[in-house]
Amino acid sequence: MTDQLISPEAFFGYRLGGDRKIARWDRIVAYFNLLSKESDRIKVIDMGPSTEGASFLLVVISSPENLSRLEEIREANLRLSDPRGLSDEEAEEHIAHGVAVVCQSMSLHASEIAPTQMAPELAYDLVSGEDEDTCRILDNVVFLMVPCFNPDGQIMVADWYDRWIGTEYEGSPLPWLYHRYGGHDNNRDAFQTNMVESRYVASILFRDWMPQAYVDHHQMGSFGARFYIPPYTEPMRPHADPLVYWEHMWYGGHMATLLEQNGKAGVIAGGSTFPAWGHMGWHRITNHHNICGMLTETASAKLATPIHIQVDQLKGNHFSFPEYVAQTNFPHPWEGGWWRLREMVEQIKISA
Ligand SMILES: [Zn+2]
C-alpha cells in the first residue's frame, strides 16, 4: 500500500522548503486529504471553518491498529487525566493498554511559515516509513498534528509573498494583521478562546484528548541562535506540577541530541528569550493543565527568501545568553552563512 503513496515532492512539484516557494494552505489540505485516502496510518479531521472560511485540520497519525481503536485509546487517556474515582487496578489496566498522546501545532503566527511548510513532509515520513524507529513511534504514540493553526493568515502571507516575488519588496512583511480579529495575539487567546481557531485547539487539548505533551512550533529573529528548544528560561511560573518542568528538559535533551547527531549547529536550549513565566500562550497554559507544554523557535529568513548572515552579525540576548559564544546550553555555535527555509524545515522536523 505504501508503494502508492505520493511524496510531497511529487505532489507539490518541488521539495517543500525550497528557496522562494511557499505552498499555499489549500494545496496542503489537498495533500493531507490525498494521504488519508492512500494510507491506513492517517486520519484527517476537518474541525470546521476558520474565521474566514478555510479548512481547519486535525491530522491523526498512528499505527493502523491504534487508529482502529482510536476512541478506546482516547477514552482511556481521558480517564487517566482525571483519575477521580479510578482504582489503582483500573489505572494500571488503562496504562498497560494505553498509548501516549502527543499534540504539535504549526505556524500559529502566520509569518512564521516554516512549521506549516514542514508538516506534509513529517506526515509523509511517518505514514511511509518502514524503519524500526518509525514503526516504534507509530505503535507507541497517537500523534495529533494541527498542521496550520491560522489558515487565513497562511493564505494571506503566501499570496503576499507571491505578489512581490522578483521585485525589490520580495520577502517584505505583510503590512496588515494576519488574523482578522487577533493578529499576532492569537497566542494570547489561549486562556479566553475568543477565536474559532482557539476553540478548535482548546477542544483538542483540554476536552477531547488531554495529551501528555504539546509542542507549538514558531519562528524568532534572524540574528541569534538558529533554533530554540525546551526547556524555558527564568523566571518560572509556579503552580504547575514540578514534573512538567523536568519533562521539558527530558524532551529538550532528546531534541538537542538528535539535532547534533544530524549536524545542526546553533541550537540553544533555554537561555533564550522564552521564559516559563506567563499563563498566556498555548505552549505555557498547557503546563497548568498537566500537559508538558513546549515551544520551538526557528531563526527566520525573509519569508522564503534566503538571507546571508556574517558571523559578526550574530548576537546573544539579555536573558541568559549575553554573548554569541559557546555556553553549556549552546555548545555548538553556528558560524554564519546562508540561512534558508529548508534549514528551518529540517530542524523543526527533527525536533518534531
Ligand atoms: Zn510565533
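Values as computed for the structure displayed
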| read-out | value |
| --- | --- |
| The range 155-197: number of residues that are among the β-branched types (Val, Ile, Thr) and over 23 Å from the mean Cα position of the chain (by Cα) | 2 |
| Test for Ala114: is it small (Gly, Ala, Ser), within 16 Å of the ligand (Cβ to nearest atom) and either farther than 20 Å from Glu52 by Cβ or free of Cβ contacts under 8 Å to residues at least 24 places away in the same chain (or both) | yes |
| Candidates Met255, Met210, Met294 - the one that is touching a residue at least 24 places away in the same chain (Cβ under 8 Å), within 16 Å of the ligand (Cβ to nearest atom) and either under 22 Å from His109 (Cβ atoms) or within 18 Å of the chain's Cα centre (by Cα) (or both) | Met294 |
| Test: residue in the range 259-282 that is over 22 Å from Glu112 (Cα atoms), touching a helix residue (DSSP H, G or I) at 6+ places or on another chain (Cβ under 6 Å), away from the ligand (no atom under 16 Å from the Cβ) and modelled with pLDDT of 95 or more | yes |
| Which listed residue is closer than 14 Å to Ala269 by Cα and either within 24 Å of the chain's Cα centre (by Cα) or not acidic (Asp, Glu) (or both), from Pro306, Pro333, Pro322 | Pro333 |
| Residue match in the range 265-288 (condition: β-branched (Val, Ile, Thr), surrounded by 24 or more Cβ atoms within 10 Å (Cβ to Cβ) and over 16 Å from the mean Cα position of the chain (by Cα)) | yes |
| Which listed residue is surrounded by fewer than 16 Cβ atoms within 10 Å (Cβ to Cβ) and more than 16 Å from the ligand (Cβ to nearest atom), from Gly85, Gly98 | Gly85 |
| Pair list, Cβ under 9 Å, 6 or more apart: the range 297-315 residue on the phi > 0 side of the Ramachandran plot, other residue of a type in the set (Phe, Trp, Tyr) | Leu303/Trp160; Leu303/Tyr161 |
| Those residues of the range 213-240 which are closer than 22 Å to Asn77 by Cβ, modelled with pLDDT of 95 or more and more than 16 Å from the ligand (Cβ to nearest atom), in sequence order | Ala213 |
| Unique match (being under 25 Å from Val196 (Cα atoms) and touching an Asp or Glu at 6+ places or on another chain (Cβ under 9 Å)) among Leu57, Leu5, Leu67, Leu16 | Leu57 |
| Filter result (closer than 17 Å to Gly270 by Cα, loosely packed, with under 14 Cβ neighbours inside 10 Å and charged (D, E, K, R)) within the range 206-258 | Glu234 |
| Neighbours by Cβ (under 6 Å, 6+ apart or cross-chain): first from the range 166-188, touching a residue at least 24 places away in the same chain (Cβ under 8 Å); second more than 16 Å from the ligand (Cβ to nearest atom) and in a helix (DSSP H, G or I) | Glu170/Trp164; Leu174/Trp160 |
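The values are calculated or read from the model by the stated rules, or taken from the named source; none is laboratory data. Predicted model, so just to flag it, every value in this text is computed and none were measured. Here Cβ is always computed from backbone atoms with ideal geometry, including for glycine, and neighbour counts include all displayed protein chains.
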